[in-house]
Protein chains: 2
Amino acid sequence: MLKLTKKVDYALLALNLMAKTEEGGISNVRDIAALYSIPPEILAKVMQKLSKSGLIQSHNAPKGGYSLKLPAEEISVLKVLVAVEGPVGIVSCSDGTDKSCQQRGQCDIRSPLEKLQNNILWFLEALSIRELGQEPAVLKGVTDGSSLFGQPLHHKG
Amino acid sequence: MLKLTKKVDYALLALNLMAKTEEGGISNVRDIAALYSIPPEILAKVMQKLSKSGLIQSHNAPKGGYSLKLPAEEISVLKVLVAVEGPVGIVSCSDGTDKSCQQRGQCDIRSPLEKLQNNILWFLEALSIRELGQEPAVLKGVTDGSSLFGQPLHHKG
DNA sequence: TTGATTACAGACTAAAATGGTCTGCGATAA
DNA sequence: TTATCGCAGACCATTTTAGTCTGTAATCAA
């Protein structure tokens, strides 16, 4: 629960690798899969989805493969996630999946949960695959939760 | 993916209801299940887990049921989540589930993902079931992502 | 022109997580 | 002593996730 799928993992690993290669560099599925011990067929599907979503560019030919279609700074983790797995929602009534929620009439916690979700989405959108491959220090503004709130509320850490 | 389970939904609905009843009030499974159209057997299991985790107190008798064992302000959504579903990790290598990650040797995105996860956990810990039942305005500090960061980074909303 | 190499496409199966059902036991207060 | 509540766990169905298999299409180089 609340877990990223392996396909998303694979996509992030691949994109992180591509972000580190020189501008316009081409990587192919076989090599990436071998490097990370990923089943090539799975990675192939994942890359095709990224391609269809316009995040990467395919080169269908010998010595071909994929290259980033956008600067690494403009490819957010959220975009990757949506490209690979579709719309994201921490509760099913918020991603268009659940058409007939049994609790809808009586549900009185939807609003805060949706706000919670918005935060998560915002984080995912703020984090690019460029930052993904950088050292922790660079990520401080995005991912160090300890400085995010004015008032500590009820958190005891 | 990245979705809360229905059991967690049910737990939050039940706890939110209990938080709104007067201090020390007792609610029983049958009534709560009926109110929210939840299968009673499922809710029963969920409540038992909450009880074992010390979040609520059981009263095993006629006219019995459950009452909050802690003030609603001190029961975080994260505690509920862990009580019902166990340890939380957005990637399996970070919750103790995955003992033999194939990518471990080559993985160079673990650190940022774990920081991302820490943020999510922090949010979940900062949000209590008391806030869960209050109007959106009260939640501004916790759940309005638009004011959380100093620098906007690459987010375009 | 042919063949090796790459991506594209989708059916299919296996495994795991999730959601839900069923049955019986134990505690307690009226 | 019995009806009402929680406790416990086996069991099954469904959905999601992960992975496999087969074949097609595009492109470049020999």
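Data overview
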quantity	calculated
Approximate spin-label separation A:Ala34-A:Ser92, in nm, with each point projected 7 Å along Cα-to-Cβ	4.3 nm
Distance (nanometres) between label positions extended 7 Å along Cα→Cβ at A:Ile42 and B:Ile26	5.0 nm
Amide H contacts of B:Leu127 (H built 1.01 Å from N, under 5 Å, at least 5 apart or other chain)	B:Val77, B:Leu78
A versus B: buried accessible surface, summed, Å² (probe 1.4 Å, to nearest 100)	6400 Å²
Hz values of 3J(HN,Hα) by residue in segment B:80-90 - Karplus curve (6.51, -1.76, 1.60), Gly and Pro given as x	4, 4, 5, 4, 7, 10, x, x, 10, x, 6
Placed amide H near A:Asn28: partners under 5 Å, 5+ positions off or other chain	A:Tyr66
Cβ-vector label at 7 Å, A:Asn118, separations to other copies in nm	2.7
Label spacing, shortest first and in nm, from A:Gly54 to its equivalents in the remaining copies (7 angstrom along Cα→Cβ)	5.2
Segment A:1-102: GluC sites (Glu not before Pro) in DSSP loop, at most 14 other beta carbons within 10 Å	A:Glu22, A:Glu23
Long-range HN-HN contacts of A:Ile56 with modeled amide H, under 5 Å	A:Ser51, A:Lys69
Solvent-accessible area per residue for segment A:6-143 (1.4 angstrom probe, square angstrom)	46 Å²
Accessible surface of segment B:16-59, 1.4 Å probe, proportion on carbon and sulfur as whole %	51 percent
Links that overshoot a 22 Å alpha carbon limit, given the list A:Lys49/B:Lys115; A:Lys7/A:Lys79; B:Lys6/B:Lys115; A:Lys79/B:Lys115; B:Lys6/B:Lys63; A:Lys115/B:Lys45	A:Lys49/B:Lys115; B:Lys6/B:Lys115; B:Lys6/B:Lys63; A:Lys115/B:Lys45
Inter-centroid distance (Cα atoms) of segment A:1-70 relative to segment B:65-120, Å	27 Å
Dimensionless Rg/Rh of segment A:6-143 - Kirkwood Rh, Rg from C-alpha atoms	1.06
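The values are calculated or read from the model by the stated rules, or taken from the named source; none is laboratory data. A quick note: this is a predicted structure, and the numbers were derived from the prediction, not measured. Ideal geometry is used to build each Cβ from the backbone, glycine not excepted, and the neighbour counts take in all protein chains shown. Note: areas computed on protein heavy atoms with side chains; ligands, DNA, RNA excluded. Shrake-Rupley method; radii C 1.70, N 1.55, O 1.52, S 1.80 Å.
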